[in-house]
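J.: The structure is given below, and queries will be raised subsequently.
None of the figures in this text is laboratory data; all of them are computed from the coordinates on show. All values reported here derive from a predicted model rather than from experimental measurement. In this analysis, Cβ positions are derived from the backbone assuming ideal geometry, glycine residues included, and neighbour counts consider all displayed protein chains.
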Amino acid sequence: MSELDEFSATLGRAIASLTGPLATIWLPIEAGLIVLALLIAWGAAALARKHIDVVSLTMGWPPFARRIARALADNVGPLIFILALLVLRAALQEFAAPAGIDLLRIAMNLATAWVVIAVLSSVIRNPLAYRVVAGSAWTIAALSILGLLEPVDKALDSAAIVIGGLRITALVALETAVLLLVALWIAVALANFFDSRLQAARDLTPSIKVLLGKLIRVALITFAVLVVLSSVGIDFSALALFSGAVGVGLGFGLQKIVSNLVSGIILLADKSIKPGDVISLGETFGWVDTMGARYTAVVARDGREYLIPNEDFVTQRVINWSYSNDRVRLDVPFGVNYASDLHQVRRLATEATMGVARVLRSPEPVCHLTAFGPSALEFLLRFWICDPSEGVTNVRSEVMLALWESFKREGIEIPYPVRDLRFVKPVPVVIDRD
């Protein structure tokens, strides 16, 4: 007899054992009692939710106890349903001894398994992982309660495909998927825990924190995958062909991805760029928001967020305005007419600059005469700021407005080029009188 025939026979016997007693008079009676328990549970649960605010009652509780209490509150209906079934079944057994499949007991066991699994799974915050774990656990519990777990297990194990020396069954695939999801959830939760501890460490630089966090996350996820594959009996030697294909892909089609990954590790290790730095790359000016494995997010002054590949920071020239410190010197060139008092111009320029809030008082602003231009005396005003993340163009604009107002108040003119047109010989002019 083949595995499929054996499964069919076993499943048939299990179904026959369940459907055999269906012809008794107690089946509709027990079904009616289950409906009555459902109505009681629905009405009592609606009344409880209306008069009891679980969120406010558990506000000061520890997080774990608060999640358990709220999970119980969400399942108050099934809890009341279980109690109602327990009372009705006891009353039924007190007055008569029903002969049948005992639907009340099956319904009570299914509801109990549902509540227990829902409460225990409430510690999982990820919605997808919660649904998968809770659904898988309750399905296994329901099959066990109905006596169908063994035949379904044999059926899933009989459906298999062989790839090389690796036999993959439907049961192995399901187990691997569920275990992998749970293991990855645990690995990500641990990685988030360690990352929060690293961010709280004061003796580590931001780039080292990011690097250590990425390494810990990759190590935990890799370890989780290897543990799951080993636990389901998958031989890693059977994956040699797949690893060879990945190597060929890396050599031909994934050079840029690998280059960005390696560049990201280099940037985090050498601390040339870290979150919070103000940088200029080409025409992009902004501050580093986050550093990922493949790209770095740079937020510009206009709110746009540029996702720049990490390779560009290694191969191109990058201006880090806050590499060693946040102080930045800015230059504002200007010119005045030749009739101006040079010493007065320098004094007015420095005083006007000192009046701008973002300009540092130390080092003080300085103004230098740089050239005798063809139409103006040319000066260069230099000043320092310590907050380049707030913008550079705007502070230059404030300084130039202060210069303009100061010069206008003192009667100092900022000249503009004047061009004289001279004719060497007379030029005939023809006037059209039409």
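J.: So what's the net charge close to Asn337: Lys and Arg +1, Asp and Glu -1, counting the other residues with Cβ under 14 Å from its Cβ?
T.: Details: positive: Lys408; negative: Asp341, Glu378, Glu410, Glu413.
That works out to -3.
J.: So for region 376-434, taking the charge dipole from beta-carbon charges (+1 Lys/Arg, -1 Asp/Glu), which of Pro417, Ala402, Val430 sits furthest toward the positive end?
T.: Val430
J.: When Lys and Arg each count +1 and Asp and Glu each count -1, what net charge do the other residues less than 11 Å away from Leu380, Cβ to Cβ, add up to?
T.: Numbers: positive: Arg346, Arg382; negative: Asp331, Glu378.
Neighbour charge sum, excluding Leu380 itself: 0.
J.: For region 210-232 and region 251-323, what is the centre-to-centre distance using only Cα atoms, to the nearest Å?
T.: 25
J.: Going toward the positive end of the dipole of region 265-341, with +1 on Lys and Arg Cβ and -1 on Asp and Glu Cβ, which of Ala293, Thr315, Phe334 do you reach last?
T.: Ala293
J.: Then there's this: Given a Förster distance of 56 angstrom, what is the FRET efficiency for Thr370 paired with Phe194, based on the Cβ-Cβ distance and rounded to 0.05? Mind showing how you got there, number by number?
T.: Numbers: r = 56 Å, r/R0 = 0.99.
My answer for the efficiency is 0.50.
J.: Please order Val262, Val336 by the number of other Cβ within 10 Å, starting at the fewest. Walk me through the intermediate numbers first.
T.: Working: Val262 13, Val336 22.
Placing the least packed residue first, the sequence is Val262, Val336.
J.: Under the Karplus relation 6.51 cos²θ - 1.76 cosθ + 1.60, θ = phi - 60°, what is the ordered set of whole-Hz ³J(HN,Hα) values for region 361-372, x standing for Gly and Pro?
T.: 3J(HN,Hα) across region 361-372, in whole Hz: 7, 9, x, 6, x, 10, 10, 10, 7, 10, 6, 9.
J.: May I ask you to list the trypsin sites (Lys or Arg not before Pro) in region 296-338 that are in a DSSP loop and have at most 15 other Cβ atoms within 10 Å of their Cβ? Working shown, then result.
T.: Numbers: sites: Arg301, Arg304, Arg317, Arg327, Arg329; in loops: Arg301, Arg304, Arg317, Arg327.
When the trypsin sites (Lys or Arg not before Pro) of region 296-338 are filtered for loop state and at most 15 Cβ neighbours within 10 Å, Arg301, Arg304, Arg317, Arg327 remain.
J.: Among residues other than Ala300 whose Cβ falls under 12 Å from its Cβ, what is the net charge (Lys/Arg +1, Asp/Glu -1)? Please list the in-between numbers first.
T.: Values: positive: Arg301, Arg304; negative: Glu283, Asp289, Asp302, Glu305.
Charge balance in the 12 Å sphere: -2.
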